[in-house]
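Single-structure report; data block below.
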Amino acid sequence: MNAFYPSVGKIRYEGSRSDNPLSFRHYDPDAVIAGRTMREHLRFAMSYWHTMVAEGTDMFGVGTVDKHYGASDPMEQARNKARAAFELMDKLDIDFYCFHDRDIAPEADNLTETNRRLDQIADLLAELQQASGKRVLWGTANLFSHPRYRHGAGTACTADVFAFAAAQVKKALELTVRLGGAGYVFWGGREGYETLLNTNMRLELDNLARLMRMAVDYARSIGFKGDFYVEPKPKEPTKHQYDFDAATVIGFLRQYRLDKDFKLNIEANHATLAGHSFQHELRLARINGMLGSIDANQGDLLLGWDTDQFPTNIYDAAWCMYEVLKGGGFSNGGLNFDAKARRASSSLEDIFYGYIAGMDTFALGLKLADRIIQDGRLDQFITDRYASWNEGLGARIRAGQVSLAELEQIALAKGDVETGSGRQEYLETLINNLIIG
Ligand code: XLS
Ligand code: CA
Ligand code: CA
């Protein structure tokens, strides 16, 4: 397949000394690290919306990249888009893709025709998957672009809009199942509010949970065996989104007894928008048994919005893969590049440079995370720091055997206590030395 990206050949691993910019220097798919191949650890996915659809439009100007794929008819464009997607994944050796319903086929003026179009494109995608072995990491419904969702979808103020959203979720689930998807994402793009002056927050949250419960029940009834994810994001497009961050989403899922059915899809750029580090969000998800999948990208710390850049920060990638390895690795999840080339990066090759940068950054991140774990000094430091909780008083407190009054007696008897150094600078240097070598 060489129809849509004729100037780029297959990207191959050439090692870190290669000066070929269209090669991998770290991503060696079949190399084994910590008992699995890099391909199995990283489970890279292409985001259909950024890569195949978005043309670089921003609030100040039209697109800079032509994504018509040589066709003028919208359905022919959608078919070519699918073919181009598989050419790109083949050339980059990417095994998975993620899509919204509206990415793969254009919406018509009624739902019946829209769904017919989706089925037609799904036929083609199934054929392309069959021929290539590529798979769907997760599917989702776009419940935020159309004006009907301007007040929300699952949190809409009118029941009719809620019904439309439910119909779209049902169809997106059917597509995901049909294409063998390993996951299904809820990202609440308009599920939030602009002002409390017109908002019934209680009803909106209850309804969002209702939609999610219906989705789980229906998906399981049609044979979906994969994972459901909620993807936290604090704001943008709404001023305040209900799925603010990992902690908020975990609380929501527990409140509505959805915590056994959902994990989290953590996006790096959303973490920093929420005022957290990427690793903080991953850690919180992991220690709650809910680290499901990851949207690998990065923001720009000088800008306050979701820039969705291809990830190049080696430290962030290393800490991300550290959390993934500590969590036992991905099961149904993976690393989806929810990332786009900059608007000014407008040549055909630029998207390849973007993916190569992201894939190599995470391949290196995986190697470094493994190195940190194998080295063992960081983990040992933390174990030692909390050693007093494993015996004597600490062990008895953890076992719930000590009262507040008894603790007071212990403190009074001691008069005062000493505690050691946190040694942050020592640890930062240890990590630098492990990373830089
Ligand atoms: C937008 C989100 C979105 C989700 C899927 O900021 O990242 O792309 O990943 O709807
Ligand atoms: Ca995302
Ligand atoms: Ca984003």
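Helical runs assigned H by DSSP (4 residues or longer) give the chain a calculated mean residue ellipticity at 222 nm of -14000 deg cm²/dmol, each run adding -39500 (n - 2.57) before division by the residue total. With 19 Å as the limit on Cα-Cα distance, the pairs of Lys81/Lys134; Lys260/Lys326; Lys326/Lys367; Lys91/Lys225 that go past it are Lys260/Lys326; Lys91/Lys225.
Here's how it looks for Phe96: its modeled amide H is under 5 Å from those of Met46, Arg135, which are all 5 or more places away or on a different chain. Here the chain is described by how far its Cα atoms reach on the three principal axes: 83, 59, 44 Å, from widest to narrowest. At q = 0.15, 0.17, 0.19, 0.25 Å⁻¹, work out log10 I(q)/I(0) for the stretch 202-278 with the Debye formula, treating every Cα as an identical point scatterer and leaving solvent out; two decimals please. Values returned for q = 0.15, 0.17, 0.19, 0.25 Å⁻¹ are -0.54, -0.69, -0.83, -1.20. Accessible area per residue for the stretch 144-264 is 45 Å², calculated with a 1.4 Å probe on protein heavy atoms, without ligands, DNA or RNA. Residues in the stretch 205-218 carry Karplus couplings, in order, of 5, 4, 5, 4, 5, 4, 4, 5, 4, 4, 5, 4, 4, 5 Hz; the curve used is 6.51 cos²θ - 1.76 cosθ + 1.60 with θ = phi - 60°, and Gly or Pro positions show x.
Normalising by residue count, the stretch 35-115 has a Cα convex hull of 131 Å³ per residue.
A DSSP coil position with no more than 15 other Cβ atoms inside 10 Å describes the following trypsin sites (Lys or Arg not before Pro) in the stretch 20-93: Lys67.
Calculated accessible area for the stretch 318-437 comes out at 57 Å² per residue, all protein chains present (probe 1.4 Å; ligands, DNA, RNA ignored).
Accessible area per residue for the stretch 1-100, computed on protein heavy atoms with a 1.4 Å probe, is 47 Å².
The apolar share of the surface of the chain, taken as the fraction of accessible area on carbon and sulfur atoms (1.4 Å probe, ligands and nucleic acids excluded), comes to 52 percent.
A Gaussian network model of the chain, with springs between Cα atoms under 10 Å, assigns the largest mean-square fluctuation among Gly139, Gly292, Gly180 to Gly180.
Summing Cβ point charges (Lys, Arg +1; Asp, Glu -1) relative to the Cα centre of the chain gives a dipole of roughly 760 debye. Label-to-label distance for Arg398 and Thr419 is 1.7 nm, based on points extended 7 Å past Cα in the beta-carbon direction. What residues from the stretch 75-106 fall in the zone where the backbone N is under 17 Å from a label point 7 Å along the Cα-to-C-beta line of Asn20? Flagged as within label range: 90-94. Accessible surface comparison of Cys320, Cys157, probe 1.4 Å, protein chains only, largest first: the order is Cys157, Cys320. As a calculated quantity, the FRET efficiency between Ser388 and Ser331 at R0 = 30 Å, using C-beta atoms, amounts to about 0.30. With the convex hull of its Cα atoms as the shape, the stretch 276-327 has an orientation-averaged projected area of 3.7 nm². Note on the chain: with a GNM built from Cα contacts shorter than 10 Å, the maximum mean-square fluctuation among Ser16, Ser388, Ser145 falls on Ser388. Relative to the globular-protein estimate of 2.2 N^0.38 Å, the Cα radius of gyration of the stretch 331-437 stands at 1.82.
With the cut-off at 15 Å, report for the stretch 306-389 the share of all Cα pairs above it, as a whole percent. I get 65 percent for the Cα pairs in the stretch 306-389 exceeding 15 Å. Between Ile382, Ile356, Ile372, find the one with the highest GNM mean-square fluctuation for the chain; connect C-alpha pairs within less than 10 Å. The residue with the greatest mean-square fluctuation here is Ile382.
A Stokes-Einstein calculation at 10 °C with viscosity 1.306 mPa s, built on the Kirkwood radius of the stretch 151-236 over Cα pairs, returns a diffusion coefficient of 117 µm²/s.
The values are calculated or read from the model by the stated rules, or taken from the named source; none is laboratory data. As the structure is a computational prediction, the values presented were derived from the model and not from experiment. Positions of Cβ are backbone-derived with ideal geometry, glycine not excepted, and every protein chain shown enters the neighbour counts. Quick note on the areas: whole protein, heavy atoms, side chains included, nothing else; ligands and nucleic acids left out. Shrake-Rupley method; radii C 1.70, N 1.55, O 1.52, S 1.80 Å.
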